[in-house]
Amino acid sequence: MEPDGTADLALPPGAWLPADHRIHHEYIRRQTEHVQTHPAEPLTPALQAFKELIENNTRVYMYFRQMFEEIPKQPIYQMDVTGSAPAVRDYETLLQVLNRIVGKAPEWTDAEEAVGVVGVPMCALFDYPMGTPSGYAAFLDPDVNKALRRVLNEWGKFLQTPASAEVLKAGPGGWFGQTGLSDLMEVANKPLGTSHRFEDMYQCDPSAKHYGFQSWDDFFTRKLRPDARPVASPDDDSVVANACESKVFNISYKAQLRDRFYAKGQPYSLLDMLAHDPLTEHFADATVYQAFLSALSYHRWHAPVSGMIKRAFVQEGTYFSEPLFEGVGAPGSDKIDKRGIGLAQGYLSSLATRAVIFIEADNKDIGLMAGVFIGMDEVSTCDITVQEGQHIKKGNELGMFHFGGSSHCLVFRSGVELEGFPELGREENVPVRGKLAVAKAKARTQVGT
């Protein structure tokens, strides 16, 4: 319990499911090794524009020179975060590795190749420089973020093409190989203790090429079969449903409208999180529930309550910023897996690109609430699929993420009494559309008494 009576029950940061701990190290090692042993290749248009920004803008050039100079000089930092390949120590090599990443869809890497699924490869690449003072300034810079948005959008367009579906195969490097399918379904089956096959859980055609998915993005944003994730108590508006297939990260009470989200501890700052929307004034001393989605999970968002969509918009923000107090991690240390995706989630709720959706719940004991769907690192698209003024039922789709790691917050006003939140520390995801909490009924004075 905090001195002011609030409770911040955060998990140890970086506590992803085991399959996700293997995310990107081997992949980045192979990309970096290729760049460092082959002639430079022509950059994509977006990366060429990024290079020109770095070289023609004095401020940005200073950031991208100094961020590498500020990486500690000890021998251990001469290797990348995997400890198995020379580190990237200049922006020219950085751009060439990015050029390799955005030219293909992420492959599955079987366990015998050492690590597994590629989750957020760019985050691994930026890991050292973004932990330096100049890297901190660079990844907050509006011009740098505009350039990164173009790079990510360019990659996103490729991930929507048929060519990107080539990694959706059963052989080596394929997501539908034995190890890939096994790990995907281990994550999907754990929440409810089921033994579904992929085609039982998701809408697809296992007899078709690539299971019927037309692109990598089509696979990543795959739809559930409704009976695989039933809506919790669909006729009981006191039951709040889970908005995302996700692992609980934090529950905070009495969150302030403005707070030092960038400081160690990362208290929620609701004005910043909710993008200074006028409706934010109703959320002083709010309850915030935050949970995060792994790279192997389901990536669509669903309505936690039945009600009216009051506001729905995407707030552009940063893509690879992390709090400066994290510093630069060392190869092979536990800190590497905790960076960005884990430790920075509270910070990113106020800065990263995010979708903000205000819902006026039909249940008056809940009333106005908000959902914040946060694109972290590679996630450049937060895609809202509902409209303002639309009435939605609990469990209906609200939107989706497109590739990468992501997080979300549900925000409830002061006075809304909720009980039964999932335990912090549970290993498995909380199932999407399943029971998240129950709103206690408030005593009301009858008219005329």
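Please treat every number below as a calculation from the coordinates, not as lab data. Keep in mind that what you see is a predicted model, and the values were worked out from it rather than measured. Virtual Cβ from ideal backbone geometry, glycine too; neighbours counted across all protein chains shown.
LEU368's amide H: which non-local residues (gap 5+, or another chain) put their own amide H closer than 5 Å, with H modeled 1.01 Å from N in plane and none for Pro or chain starts?
ALA361
Could you count how many Lys pairs in segment 180-271 have their Cα atoms under 25 Å apart, skipping same-chain pairs fewer than 8 positions apart?
Here the count comes out as 6.
Sort the following peptides by mean Cβ neighbour count (other Cβ atoms within 10 Å, averaged over residues), highest first: 133-143, 429-439, 191-201. Write down the numbers at each step before the final one.
Details: 133-143: 18.5, 429-439: 22.3, 191-201: 14.0.
Those peptides, ordered most packed to least, come out 429-439, 133-143, 191-201.
Can you list residues whose amide H is under 5 Å from ARG311's amide H, if they're 5+ apart or on another chain and H is modeled 1.01 Å from N?
The list, which skips near neighbours in sequence, is PHE358.
Near LYS146, which lysines are there with a Cα under 25 Å away, not counting those fewer than 8 places off in the same chain?
LYS51, LYS104, LYS157
Whole Å is fine, so just give me how far the alpha carbon centre of segment 178-197 lies from that of segment 295-324.
25
Kirkwood hydrodynamic radius of segment 176-285 from all distinct Cα pairs, in Å?
Working: mean 1/r = 0.0564 Å⁻¹.
In segment 176-285 this quantity evaluates to 17.7 Å.
So what are the three principal axis dimensions of segment 182-228 from its Cα atoms, in whole Å, longest to shortest?
If we take the Cα atoms of segment 182-228, the spans are 30, 19, 16 Å.
With viscosity set to 1.002 mPa s at 20 °C, what whole-number translational diffusion coefficient in µm²/s follows for segment 144-204 from Stokes-Einstein and a Kirkwood radius over Cα pairs?
The calculation lands on 155 µm²/s.
Could you work out how much longer the chain between ALA170 and GLN36 gets when fully extended? Use 0.36 nm per residue separation minus the Cα distance between them, nm to one decimal.
Extra length available between ALA170 and GLN36 comes to 45.2 nm.
Using the 2.2 N^0.38 Å rule of thumb for compact globular proteins, work out how segment 267-318 stacks up: its C-alpha Rg over that value, please.
Expressed relative to 2.2 N^0.38 Å, the Cα Rg reads 1.35.
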